[in-house]
Amino acid sequence: MATTLRPEELIDNSVVDMEGRKIGKVGTVYLSDESRQPEWVTVKTGLFGQKESFVPLQGAYLESDGIHVQTSKEKVSEASRIDTDTDLSGEESAELYTHYNLPAPRGAMPEERSRTDTETRSEQGTTGAAGARGRTDERTGPRSEGEAMVRSEEHLRAGTEETESGRVRLRKYVVTEEEQMNVPVSHEEVRIEREPISESDRSAPHDIGEEEQEVILHREQARVTKENVPVEKVRLGKEKVTEEETVAGEVRKEKFDIEEEEGGRRGRRGRNT
């Protein structure tokens with residue numbers, strides 16, 4: 001492999017083929033008997049991820065978008081379906097090396113392979129959050145006296161993802177309503193003005209007869225016009241509201257049983273967690 005990959009780095013990572021296409025997510029990691037380094041991973045392919053296919057890690061490297069492997073998505077889909085709940089047998093290992101045109105190491109012989117199975121399964125909780133389940137199971141023989149055993153537990157790991165919850169549109173439309181206002185208007189009216197006769201008017205001759213005088217009257221009329229006047233600006237804004245949501249999931253833990261053998265009789269002394 002181009003770089004040294006650790007099993008814990010591969011868990012829950014995406015697998016990307018040589019053309020940059022996503023194949024699936026890592027389900028199980030298999031180690032090499034000789035180097036104890038990751039040699040194979042399984043990814044879930046097919047409809048609803050019901051099939052797990054083996055992908056070789058030779059030449060693979062890890063980047064931010066996932067594990068880049070040196071094979072194609074079609075090649076992985078065409079690989080033989082192998083039960084991932086058991087150890088990889090020599091025949092199965094040889095079949096995989098042949099399918100991917102890889103040289104088989106000496107360890108790929110029947111019944112000579114062991115497996116470190118590190119798998120994660122995402123479980124959908126009742127509230128929609130995902131719980132993580134991991135398992136590391138290294139099959140070895142009986143441990144020697146004084147050698148320590150590691151007890152592991154599963155812990156829930158919760159996160160968040162952003163999904164669309166709805167859309168809001170701001171729409172402007174026109175309505176017509178009646179508006180009234182008072183406008184002052186003026187008009188002209190006729191009035192008769194009288195003034196006394198002066199001495200000059202008395203001395204001037206006056207004939208009795210008909211005479212008329214005309215006056216033009218004016219008045220103001222109310223006139224209505226319209227103008228567009230901006231009154232305010234309106235826009236849509238968003239604010240983030242944080243609230244707590246409870247998630248739940250099943251976790252597993254390992255416990256120890258102590259058995260002692262005395263005089264050919266075996267008994268269970270107690271349980272230690």
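Sort the following peptides by mean Cβ neighbour count (other Cβ atoms within 10 Å, averaged over residues), highest first: 231-238, 90-97.
On the way: 231-238: 5.1, 90-97: 17.4.
Descending mean neighbour count gives 90-97, 231-238.
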Once both label points are put 7 Å beyond Cα along the C-beta direction, the residue 242-residue 101 separation in nm becomes 5.4 nm
For the pair residue 228 and residue 37, the simple spin-label estimate (label points 7 Å beyond Cα toward Cβ) gives in nm 7.2 nm
Place a point 7 Å from the Cα of residue 186 in the direction of its beta carbon; the residues of region 210-235 whose amide N falls under 14 Å from it are 218-221
Most packed first (mean Cβ within 10 Å per residue), the peptides 10-19, 214-223 order as 10-19, 214-223
Length gained if residue 167 through residue 77 is fully extended, taking 0.36 nm per residue and subtracting the Cα-Cα distance, is 28.5 nm
Residue 201 and residue 156 label points (each 7 Å along its Cα→Cβ direction) are spaced in nm at 11.2 nm
Taking 0.36 nm per residue of separation between residue 251 and residue 217 and subtracting their Cα-Cα distance, the length gained on full extension comes to 2.1 nm
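We did not get these values from a lab; they are worked out from the coordinates using the rules stated. Since the model is a prediction, treat every value here as computed from it, not as a measurement. Note: ideal-geometry Cβ built from the backbone for every residue, glycine included; neighbour counts use all protein chains shown.
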